[in-house]
Structure formats: C-alpha cells, structure tokens
1. Which entry in [x] 44, 35, 25; [y] 56, 33, 23; [z] 52, 30, 22 matches Cα extents along the principal axes in Å derived from the coordinates of this structure?
2. Could you order D38, D2 by accessible surface area, starting with the largest, using a probe radius of 1.4 Å?
3. For the range 3-153, with every protein chain kept in place, what is the accessible area per residue (1.4 Å probe, Å²)?
4. Mind listing the long-range amide H neighbours of Y158? Cut-off is under 5 Å, sequence gap 5 or more, other chains count too, H placed in the peptide plane at 1.01 Å from N.
5. First measure r as the distance between the Cβ atoms of Q34 and A12, then evaluate 1/(1 + (r/R0)^6) with R0 = 30 Å and state the FRET efficiency to the nearest 0.05.
6. Averaged across orientations, what area in nm² does the convex hull of the alpha carbons in the range 90-136 project?
7. Rounded to the nearest 20 Debye, what is the dipole magnitude of the chain about its Cα centre when Lys and Arg each give +1 and Asp and Glu each give -1 at the C-beta?
8. Tell me, what ³J(HN,Hα) does each residue in the range 110-127 have, in order and in whole Hz, if you take phi through Karplus 6.51 cos²θ - 1.76 cosθ + 1.60 with θ = phi - 60° and put x for Gly and Pro?
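The values are calculated or read from the model by the stated rules, or taken from the named source; none is laboratory data. This structure is a prediction, so every number in the text was calculated from the model and none was measured. Don't worry about glycine lacking a Cβ; one is built from the backbone with ideal geometry, like all the others, and counts go over all protein chains shown. When the accessible area is computed, the model is the full protein with side chains, heavy atoms only, and any ligands, DNA or RNA have been set aside. Shrake-Rupley method; radii C 1.70, N 1.55, O 1.52, S 1.80 Å.
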Amino acid sequence: MDTRRVKLAVAAAGISSFALLYAPQAVLPQLAAQYHLDAGAASLAISVATGALAIGVLPIATLSEVVGRRPVILTSVLASAVLGLLLPLAPSYPVLLVLRALQGVAIAGFPGVAAAYLVEQLGKRGVASAVGAMIAGNSVGGMLGRLSTGFTAGGLGYHG
C-alpha cells in the first residue's frame, strides 16, 4: 500500500470536512443581519453542526462495521460537500440549521471512521504518521474554512 497516497487522502479529507464544518463562522455577522438574529442565535449555525457531528460519530462508526469503512468515508465527504452547496439556498434560518445538522452528521463519518480505516489499511507500521496527517488536515481545514469564507464573503456576501 502506498502510505504517501493514504496520508495525502486523509489529510485532504480532513481539510475538506473541517473547512465545511467551520466555514460559516466567518459569516455569522452576515447571517445575523440576513435573518435578524442576535449573535448567540447566529452562532447556532456552528453549534448545531458540531453537536450533530458529536452525536453522529458513534452510530456512524457502528455502521462502518457493517457496510465498510471506505464507503462510509466516501459518502461522508460527498454528502457533506453537497449539503454545503445547498446551504446558501436555504430560504430561512431554521432550514439552514437543519441543513447544518445534516451536514454535521455527514461530516461525522470521516473523523469517526478514518482512524480505524487507517489501521486496517496500514497496520501498526504507518498508522501514527497517517493519523498525524489526518489531524493536521483537520486543523488546517478548520482554519482554511474560516479564512476562505471570510475572503469570499467580502466580495460576494455569505451566499457566495
């Protein structure tokens, strides 16, 4: 197995997943203005997704025992991206929150399953550096999600 390819894949999936998870943080003031919310209510756009992720991790990890880890990870990354594309189209804040909750559950399939997948694929030999790549990807993704949304929203608004 090509461990470099696996490390790159989990780092990319971590970047993608956590960028999606934290992207709305940069546009919370715009969401508050759009939907006439106070700061606390606007921050639910982040809290709902992270809470749903936390709740979804264990059931999705259990599901991966039945259907396989790779399909769960692929579905997780694709579903969370599709939900991310739907978010700007939300007609109301409650709909946006439901989409964010669904996105949080979808994102849960990556961190909840990836470490076990890495052990299966790499064994004990390369798993530590691969998990390190995944964690680095998660951290970079959280930062890039905030930054890219902030820069994009400056010119295009939060819908952009």
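1. Among [x] 44, 35, 25; [y] 56, 33, 23; [z] 52, 30, 22, the one calculated here is [z].
2. Details: D38 100, D2 75 Å².
Heavy-atom accessible area, descending, gives D38, D2.
3. Details: 7600 Å² over 151 residues.
With the other protein chains kept in place, the range 3-153 gives 50 Å² per residue.
4. none
5. Working: r = 31 Å, r/R0 = 1.05.
The pair Q34/A12 has a calculated efficiency of 0.45.
6. Details: hull surface 15.4 nm².
Over every viewing direction, the Cα hull of the range 90-136 projects on average to 3.9 nm².
7. Details: 9 positive and 4 negative charges, 97 e Å.
So the dipole magnitude of the chain works out to roughly 460 debye.
8. Karplus values, whole Hz, x for Gly and Pro: 7, x, x, 10, 4, 5, 5, 4, 5, 4, 5, 7, 10, x, 6, 5, x, 5.
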